[in-house]
Amino acid sequence: MNKLKLSLVFWGLIVLSACSNITEKANDETQVKMLKALIIDGQNNHVVWPMSTMMMKRYLEDSGRFTVDIERTQYTWNYNKFGPQYPLNDGKKYTEHHPTKTDPQFSPQFEKYDVVISNFGWKTADWPQQTKQNFENYMKNGGGFVVIHAANNAFPNWLEYNKMIGLGGWGGRNESHGPYVYYDKDNKLVRDTRKGNGGGHGKQVEFTVTTRAENHPIMQGIPNSWLHTRDELYVKLRGPAENMTVLATAYDTQKTHRHEPVLMAIDYHQGRIFHSTLGHAKPAFESVGFIATLQRGTEWAATGKVTIPVPEDFPTETQTSIRAF
């Protein structure tokens with residue numbers, strides 16, 4: 001083989017190698033990075049728990065964006081006198097304890113995860129002091145946090161937690177914890193500092209959710225109004241409400257007769273929080289509105305961006321949408 005042919009072969013290999021590297025780089029860039037999520041639970045006053053944790057785990061994994069672990073306190077309880085409706089089935093032994101009791105061994109490695117989802121509830125026992133400090137540090141350094149329904153009932157005396165969730169209810173929360181936040185009849189955002197306890201709800205009913213921040217990444221592409229399945233509508237929540245954006249509200253026809261926050265986004269130091277008051281019983285967790293906002297809100301809390309699309313079966317203004325679990 002003469003020198004010309006050798007030269008052509010050499011340069012041909014160089015070109016092929018370069019093309020291969022470009023293709024591999026393009027493939028790497030198109031691959032979506034899997035986010036690591038942790039669901040924490042163990043003390044929840046709803047009979048749907050722990051099924052609700054397994055539902056959220058599946059929903060997040062089905063999005064194609066998350067791997068999901070669960071960490072649970074060794075002392076567990078809910079209101080079902082026959083025990084949890086859904087087996088824990090994780091090979092660990094748990095002790096039912098009510099009233100709740102602090103688990104001295106509860107110490108998740110928060111720093112291993114892009115986002116933490118709380119499925120705790122009313123009267124959750126305090127965490128060990130070091131665990132609380134670890135979580136505060138995780139959030140201050142850019143962690144992601146998702147608060148679901150009764151998780152905003154927990155830890156009324158933990159100041160930094162109240163700042164993270166923006167608004168909460170029950171547990172003795174009152175005007176000392178911060179204002180009520182709602183939209184009035186003129187669609188004006190109100191921060192109401194009057195005296196009174198925080199937290200309440202009427203009967204479980206269907207209600208319309210109204211978008212209030214259509215340009216926020218979580219809400220982009222979501223209809224301005226959509227009908228949510230039968231659920232508790234939390235009212236009279238109050239708290240620091242610092243660096244908080246109300247993403248969506250629902251009008252309460254039973255108690256306050258005002259537009260109550262149901263979806264919120266909060267900035268806490270370098271961390272991001274998505275707060276959803278939706279999710280009392282199984283029908284609420286099966287709502288496509290709940291599923292989609294959980295997926296999108298969790299991605300935003302983890303990354304500050306949303307790539308998960310709004311599904312085609314998202315509810316409309318007049319029709320609910322359910323995915324049976």
*Given the conditions (1) more than 23 Å from residue 284 (Cα to Cα); (2) modelled with pLDDT under 90; (3) basic (Lys, Arg), report the number of the one that residue 36 does not fulfil.*
(2)
*Search the stretch 288-322 for residues being of a type in the set (D, E, K, R) and in contact with a strand residue (DSSP E or B) (Cβ under 8 Å, 6 or more places away or on another chain), and hand back the single one that is farthest from residue 207 (Cα to Cα).*
299
*Based on what the data block shows, is residue 74 at pLDDT below 95, touching a strand residue (DSSP E or B) at 6+ places or on another chain (Cβ under 7 Å) and among the polar types (S, T, N, Q)?*
yes
*asked:* Is it the case, given these coordinates, that residue 195 is at pLDDT below 95, surrounded by fewer than 19 Cβ atoms within 10 Å (Cβ to Cβ) and more than 22 Å from residue 116 (Cβ to Cβ)?
replied: no
*Any idea which of (1) on the phi > 0 side of the Ramachandran plot; (2) buried (at least 23 other Cβ atoms within 10 Å of the Cβ); (3) in contact with a Lys or Arg (Cβ under 7 Å, 6 or more places away or on another chain) is the one residue 304 doesn't satisfy?*
(2)
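Here's the yes/no breakdown for (1) crowded, with 16+ Cβ neighbours inside 10 Å; (2) within 19 Å of residue 42 (Cβ to Cβ); (3) in contact (Cβ under 8 Å) with a residue 12 or more places away in the chain; (4) more than 23 Å from the chain's Cα centre (by Cα):
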| site | (1), (2), (3), (4) |
| --- | --- |
| 76 | yes, yes, yes, no |
| 95 | no, yes, yes, yes |
| 127 | yes, yes, yes, no |
| 146 | yes, yes, yes, no |
| 154 | yes, yes, yes, no |
| 158 | yes, yes, yes, no |
| 167 | yes, no, yes, no |
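Based on what the data block shows, is residue 190 in contact with an Asp or Glu (Cβ under 7 Å, 6 or more places away or on another chain), assigned to a strand (DSSP E or B) and of a type in the set (A, V, I, L, M)? Before you say what the answer is, go through the steps one by one.
Details: in contact with an Asp or Glu (Cβ under 7 Å, 6 or more places away or on another chain): yes; assigned to a strand (DSSP E or B): yes; of a type in the set (A, V, I, L, M): yes.
Criteria met by residue 190.
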*Applying the selection to the stretch 267-288, what residues are surrounded by 24 or more Cβ atoms within 10 Å (Cβ to Cβ) and over 13 Å from the mean Cα position of the chain (by Cα)?*
287
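Return the total of residues in the stretch 125-157 being assigned to a loop (DSSP other than H, G, I, E, B) and either on the phi > 0 side of the Ramachandran plot or acidic (Asp, Glu) (or both).
Initial filter on the stretch 125-157 (assigned to a loop (DSSP other than H, G, I, E, B)): 125-128, 141-143, 154-157.
So of that shortlist, the ones also either on the phi > 0 side of the Ramachandran plot or acidic (Asp, Glu) (or both) come out as 126, 142, 155.
Residues flagged as assigned to a loop (DSSP other than H, G, I, E, B) and either on the phi > 0 side of the Ramachandran plot or acidic (Asp, Glu) (or both) within the stretch 125-157 amount to 3.
The values are calculated or read from the model by the stated rules, or taken from the named source; none is laboratory data. Only a predicted model underlies this, so the values are computations on that prediction, with no experimental measurement involved. Glycine also receives a Cβ, built like all others from the backbone with ideal geometry; neighbour counts cover every protein chain displayed.
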